[in-house]
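Here's the structure, in structure tokens; my notes come after.
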Amino acid sequence: MSLPDKTTTIEAAVARIPDGATIMVGGFGVPGTPFTLIRELVRQGQKDLTLIKNDANETGMGIDLLIANGQVKTLISTHIGLNANAISALNSGRIRVEFCAQGILAERIRAGGAGLSAIVTDIGLGTELAEGKQVVEMHGKRLLVESALRADVALIHADRADPFGNLTYAATARNFNPLMAMAAPMVIAEVETLGPLGSLSPEAVETPGAFVDHVAELSELSEDYGIVRR
Amino acid sequence: MSDANPLDARARMIARAARELTAGMVVNLGIGLPTKVINHLPADLPVCLHTENGMTGIGATLPYERADRNLIDAGGAYVSPIPGSAYFDSAVSFALVRSGRLDLTMLGAFEVAQNGDLANWKIPGKFSPGAGGAIELAQKARRVVVMTTHTDRHGNPKLLQQCTLPLTAQRRVARIFTDLAVIDVTAHGFELCELATGVTVQEVTEATGAPLIVPDTDIPTF
């Protein structure tokens with residue numbers, strides 16, 4: 001018996017994404033951001049996208065290119081403070097931004113990936129983030145209901161992979177990637193190193209390939225992935 | 001205001017705040033001023049620094065030439081591991097915060113109220129980048145302390161009777177380190193604990209936008 005081969009090209013993988021898609025994008029700052037998949041999405045030009053990403057990258061990088069190109073309708077995020085373009089797009093109404101507490105965004109995605117409908121939490125009670133949210137009473141306390149998040153597509157950046165889509169991540173390039181890799185019916189992973197089946201120890205695998213649909217090896221790492229001198 | 005050099009005052013504030021970290025703690029240092037505390041920690045102090053983007057055991061901040069492109073803290077600074085460091089995803093990172101494993105967080109502030117309310121994420125109409133992990137840190141760390149200049153750049157007090165800005169968390173701040181003083185939030189309001197070198201009680205009182213309890217005893221300086 002052998003495991004299926006899911007390898008493809010960046011171009012072919014991104015061509016599966018339709019207009020209007022909701023897309024989870026991994027990364028926290030530069031580490032873990034799938035820059036090559038994002039640049040291909042800019043090139044292909046899919047429109048009316050809803051993005052779910054921890055941050056908006058920085059001006060001229062990552063999903064800022066999608067925002068600047070008018071492809072983004074809504075962004076669900078935790079903090080966009082390093083991207084002045086994204087803030088002005090928000091202020092001028094060119095994009096809608098839904099803010100979420102960072103760990104609650106992670107947990108909503110994890111719940112979506114785990115087949116759950118919502119989480120219940122006290123995080124954000126007494127703040128603006130509680131406004132408009134359903135309140136339930138449990139354990140004698142008022143708690144907020146936070147809906148689980150799933151997307152149509154998840155774009156993942158991984159360090160190493162095999163053709164089945166087993167993935168490992170580098171250092172703080174994990175962040176939202178392992179969670180998002182469970183929370184969409186179409187998971188596309190760009191990977192720095194693709195080895196044959198068996199090249200990853202089963203004990204080292206962080207995202208099991210059964211969650212992953214398409215694996216594209218990066219032929220080179222563009223400047224996007226490098227050190228940012230601020 | 002004091003004649004002391006503002007750079008010295010800032011350095012003293014950071015050095016004093018660093019002494020809040022004690023052996024055995026798991027600590028999250030907020031983006032900005034609090035992160036500067038790292039440079040003032042004794043090399044042999046056994047503390048575990050946590051960052052929201054998925055690491056415990058943060059070592060020295062690295063210059064660009066020696067940076068690892070995959071290794072940053074939540075503020076985007078390039079950091080290094082130390083023996084015993086661990087990496088994990090964002091859900092694990094905040095599980096650690098929300099489950100009470102974080103002994104201390106030190107955060108920046110726009111405003112702190114005398115009941116311990118904290119506002120540090122939004123100035124409506126001016127600055128609305130999102131709260132990141134601040135709400136969970138402020139709401140769930142076992143002890144929340146703030147490091148901030150005592151007044152804003154226009155000289156307005158940041159320590160107030162009530163916050164005017166959207167809150168990060170209610171009644172969570174226990175202590176405030178400023179360039180003028182160390183102040184505790186007590187059941188009766190702000191209480192002066194320590195004075196910066198060269199600063200008088202009157203200067204602190206005048207720069208504080210709420211009543212300040214001043215103990216009868218000698219006030220230590222830092």
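The values are calculated or read from the model by the stated rules, or taken from the named source; none is laboratory data. Everything numeric here is computed off the predicted structure, so don't read it as measured data. FYI the Cβ positions are ideal-geometry reconstructions off the backbone, even for glycines, and counts take in every protein chain you see.
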Filter result (assigned to a loop (DSSP other than H, G, I, E, B) and out of contact with any Gly (no Cβ under 7 Å at 6 or more places or on another chain)) within the stretch A:170-190: A:Ala170, A:Ala181, A:Ala184, A:Pro185
Return the only residue of A:Thr36, A:Thr50, A:Thr22, A:Thr9 being more than 24 Å from A:Ala210 (Cα to Cα), touching a strand residue (DSSP E or B) at 6+ places or on another chain (Cβ under 9 Å) and of a type in the set (S, T, N, Q). A:Thr50
Condition broken by B:Ala91, with the remaining ones in (1) in contact (Cβ under 8 Å) with a residue 60 or more places away in the chain; (2) buried (at least 19 other Cβ atoms within 10 Å of the Cβ) satisfied: (1)
The lone exception for A:Cys100 - which of (1) modelled with pLDDT under 95; (2) crowded, with 24+ Cβ neighbours inside 10 Å it fails: (1)
Please verify whether A:Leu90 is of a type in the set (A, V, I, L, M) and either touching a Lys or Arg at 6+ places or on another chain (Cβ under 7 Å) or crowded, with 24+ Cβ neighbours inside 10 Å (or both), treating the condition exactly as stated. no
Would you list the strands (runs of 3 or more DSSP E) that sit entirely within the stretch B:133-222 and hold 2 or more residues that are within 14 Å of the chain's Cα centre (by Cα) and farther than 29 Å from A:Leu129 by Cβ? B:181-186
Within the stretch A:126-146, take every residue that is among the charged types (D, E, K, R) and in contact (Cβ under 8 Å) with a residue 12 or more places away in the chain and give me the one that is surrounded by the most Cβ atoms within 10 Å (Cβ to Cβ). A:Glu146
Filter the stretch A:89-132 down to the residues that are among the acidic types (Asp, Glu), touching a Ser or Thr at 6+ places or on another chain (Cβ under 9 Å) and outside any strand (DSSP E or B) and list them by number. A:Glu107
If I ask for residues that are surrounded by fewer than 20 Cβ atoms within 10 Å (Cβ to Cβ) and farther than 27 Å from A:Ala106 by Cα, which ones from the stretch B:15-37 would you list? B:Ala15, B:Arg19, B:Glu20, B:Thr22, B:Ala23, B:Gly24, B:Lys36
Scan the stretch A:82-89 and tell me whether some residue there is touching a helix residue (DSSP H, G or I) at 6+ places or on another chain (Cβ under 9 Å) and away from every other protein chain (no Cβ under 13 Å). no
Do we have any residue at all in the stretch A:191-214 that's more than 14 Å from chain B (Cβ to nearest Cβ), touching a residue at least 12 places away in the same chain (Cβ under 8 Å), within 12 Å of the chain's Cα centre (by Cα) and not in a helix (DSSP H, G or I)? no
I'm trying to understand the selection: among the residues of the stretch B:60-80, which are out of contact with any strand residue (DSSP E or B) (no Cβ under 6 Å at 6 or more places or on another chain) and in contact (Cβ under 8 Å) with a residue 24 or more places away in the chain? B:Gly75
Selected residue (only one of A:Glu137, A:Glu203 is within 30 Å of B:Ala119 (Cα to Cα) and modelled with pLDDT of 95 or more): A:Glu137
